[in-house]
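For reference, the structure is listed below as structure tokens.
The values are calculated or read from the model by the stated rules, or taken from the named source; none is laboratory data. Computed from a predicted structure; not experimentally measured. Here the Cβ positions follow ideal geometry from the backbone for every residue, glycine too, while neighbour counts run over all protein chains shown.
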Amino acid sequence: MKRRTVLQWGMGLGAAAAVGLVASRTVVNATQELQWASRTLTAMGTSMSIQLAHADARRVEGALDAAVAEIRHIEDQMSLFRPDSAICQLNRTGRLDDPHPDMLEILRVAQQVAQRSQGAFDVTVQPLWLAFEEAHRQGRLPSEEVVLAARQHVGWRGLQVSDAVVRLERPGMGITLNGIAQGYAADKVKARLQKMGIAHALIDAGEFASLGQPAHAGDWSLGVANPRDAQHFLTGIAMQGRCVATSADDQCAFSPDFVNHHIFDPHTGHSPSELSGVSVIAPTCVMADALTKVFFMAGYDQALPLASRWGVDVLVVDKRGHWQASPGVALRQT
């Protein structure tokens, strides 16, 4: 079973990363004073869940309500699945006046990653998604001429961000935040819970953030699913207070061989060819989410050295199922 559920092709997932992580289940010890509860929801085209604990059961329910409200607010700004969202308005009109501070924050992070990665991460790849989606509806792949035409509308430097207005410089441009917004949502929920005095939680917003410990002893741990067989795990990862995000080629494939999928190289207009999955472990989910795409472009041999330069850890899986992880990944048996 895949971690994310794509609701429909037509909403434009763009560079959204399909994850292959499954949170370890926790069993509540009846002798514990902490009261555990969880909430699940569908948002931004994926299934999400929050589980948390507090000694006060009313605080638990209030915190879950606050977490859901935070995610819904982010949807209002960043979801391509909501036609009235701020991002959809920007894509329709080419400008967004008086952008919300959250929109400004995430766009500035995106542009910083784009600049530092020399465009390996680029939220303006939405025209490529639309070209492949349209061809997919017709049971084929887009022609090279169509891909080339879509690429003319891609380029992170054509996205202008200021406090007063967000603007797309050229007609035909469009952005997707699905390759970064889930990570941003996890960070925002985590911060909200901390302010409410929640010390133990696991936030699964498509990418994972955690607080404290699960109900059983030990660390929060995640299983990294095999992109070719999601019922089996390649290995486990202990979170150690950090965030984990994963991209995989099996989530939204445009061809049965997974050569063409939803992660696009902005420089070629096609999917990077070496890797089937990337997991990034970083201090924040928004950075982990964005960097999965950067390491996808880097490939198997270059991903680990590049992760060291970014100050994060990474686990990469190639098309044959071979995998490797940087030294800082706390591996666990599954």
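Given the options Ala215, Ala230, name the one that is surrounded by fewer than 19 Cβ atoms within 10 Å (Cβ to Cβ), at negative phi and touching an Asp or Glu at 6+ places or on another chain (Cβ under 8 Å).
Ala230
Considering every residue within the stretch 13-28, establish whether at least one is of a type outside the set (Asp, Glu), out of contact with any Cys (no Cβ under 7 Å at 6 or more places or on another chain) and either assigned to a helix (DSSP H, G or I) or at pLDDT 50 or above (or both).
no
How many residues, within the stretch 34-77, are without any contact (Cβ under 8 Å) to a residue 60 or more places away in the chain, touching a His at 6+ places or on another chain (Cβ under 8 Å) and farther than 17 Å from Arg192 by Cβ?
Matching residues across the stretch 34-77 total 1.
Give the residues of the stretch 171-201 that are in a loop (DSSP other than H, G, I, E, B) and over 19 Å from Gln115 (Cβ atoms), sorted by residue number.
The answer is Pro171, Gly172, Gly174, Asn178, Met196, Gly197, Ile198, Ala199.
Within the stretch 257-316, take every residue that is part of a strand (DSSP E or B) and among the hydrophobic types (A, V, I, L, M, F, W, C) and give me the one that is surrounded by the most Cβ atoms within 10 Å (Cβ to Cβ).
Val280
Just checking, how many residues over the stretch 130-170 are assigned to a helix (DSSP H, G or I) and acidic (Asp, Glu)?
Number satisfying all stated conditions: 4.
Every residue, every condition in (1) in contact (Cβ under 8 Å) with a residue 12 or more places away in the chain; (2) surrounded by 23 or more Cβ atoms within 10 Å (Cβ to Cβ), yes or no:
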| position | (1), (2) |
| --- | --- |
| Arg140 | no, no |
| Glu145 | no, no |
| Arg151 | yes, no |
| Trp156 | yes, no |
| Met173 | yes, no |
| Gln182 | yes, yes |
| Gly197 | yes, no |
